[in-house]
1. Report, in debye and to the nearest 20, how large the dipole of the chain comes out about its Cα centre when Lys and Arg carry +1 and Asp and Glu carry -1 on their Cβ.
2. How charged is the neighbourhood of Lys203? Take every other residue with its Cβ under 13 Å from the Cβ of Lys203, and add Lys/Arg as +1 and Asp/Glu as -1.
3. Show me the helices of the chain, taken as full DSSP H stretches, that run 18 Å or more along their long axis by Cα and average -1.0 or above in Kyte-Doolittle hydropathy.
4. Report, in whole Å, the centroid distance computed from the Cα atoms of the range 202-259 and the range 301-327.
5. For the range 177-233, what is the largest minus smallest coordinate of the Cα atoms on each principal axis, given in angstrom and ordered from greatest to least?
6. Hey, what do the phi angles of the range 225-231 turn into as Karplus ³J(HN,Hα) couplings, whole Hz, using 6.51/-1.76/1.60 and θ = phi - 60°, x for Gly and Pro?
7. Checking the a/c ratio against 1.5 first, then a/b against b/c, what shape does the Cα gyration tensor give for the range 217-356?
8. What fraction of the DSSP beta bridges in the chain is antiparallel, stated in percent and rounded to the nearest 5?
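Since every read-out is calculated from the coordinates, none of them should be taken as a lab result. Model, not experiment: these values are computed from the prediction. For neighbour counting, all protein chains shown are included, and Cβ atoms are generated from backbone atoms with ideal geometry for every residue, glycine included.
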Amino acid sequence: MDNERNENGRFKKGRKHPLKPAHEIQQISDAMHGKTYRYLGRKSSDNRYGLFECLVHKTTFEQIISIHLNGQTPKSCTECYHKKLSDIQKRVQREWIGNRKKHPRYRSNQAITQTSNEKFLGRYKFLGRCEDFRYGKFECQHKNILTQVIYQHTKGVHPMGCKECINEVRNFPKRSDEEIRMLGYQHFEGKVYFLGRLKLKTKKHYGNIICREHGVSFEQSITNYIKGVRGCILCRRESSKFQKAVFNYLKTQFSEDDIETEKKFEDCKNFYQLRFDFYIKSKNLLIECDGIQHFTSQDYWGGEEGFRVRVFNDEIKNDYTKKNKIHFVRIAFYEQNKIEEIMQNILVQFHTGQPI
């Protein structure tokens, strides 16, 4: 038999692959291209090629059948191909504009002033940009006009040029432990607690810190703690490949400005505010990615004690979303391969007005 296969389902060596019938080609084409093309038949001189008709633009063209069934837009239909290129260009431009807004080079004067006040506690006054828009003019407390790259300033680098400011910064007194805790509380709400400075001279800028959620103690630079940088290994692990896959899919459906990660509410807390993985502002939709540690006890995630805490926190989140009428979806770790299918069903429910 020409169609005999081996144990792996492949055609045996020397056997010919059977040609797909016309109705099967048309069925796959409708699924991949949304019933845009009609299959007319195979090319007589080369059966790899097929003749298709574009139902939108009323044109006929040739294309390799296997490529057509993989979903590739035919170049021979110029209108369809140009529309695809235009859509790609619009998406890339939208992503570029979204990323550009986050860069200090394109920030407004108000945003630069706000960042400067947060980084330097009002030490420098932003006067405006220079002719080279990458640079800005700043006035220090001693009425000296200083020029600095705006990007460096927003990162917390002090501008050079004022000796009084340099001496004051060098001789700035060490923060007390209580002050460090208060500054860290703005980012962690008590979840990560500063125990005290290290006594070693080589690590005088480091502190002992404990994560109350996972019970992990670690060393971290005091500067990073004040900035809100996560030092707990388990907290960092929560940003898993699973969450990244969900985030990458959400970026294809919504603008990055519409997606908020690690969303928190002031009145949704268990001693500290609980975090939701994603929040879609336009849909009032919260999305939570539940790893295996949300279903079973895992030694790496704090054992039985950590599991009980996670279950209790999950119940708080469920009750909070119901009470405040916020759409809430949980995606389990065993549904990682169905992210696109799950999200498409949710969007369909939004459009049809069905409850989620």
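1. 1160
2. Numbers: positive: Arg197, Lys199, Lys201, Lys204; negative: Glu219.
Surrounding charge for Lys203 is +3.
3. For the chain, where a helix must reach 18 Å along its axis and average at least -1.0, the hits are 241-253, 339-352.
4. Answer, in whole Å: 20.
5. That gives 29, 22, 16 Å along the principal axes, largest extent first.
6. Rounded to whole hertz, the list is 5, 5, 6, x, 6, 6, x.
7. prolate
8. Percent antiparallel among DSSP bridges in the chain is about 90.
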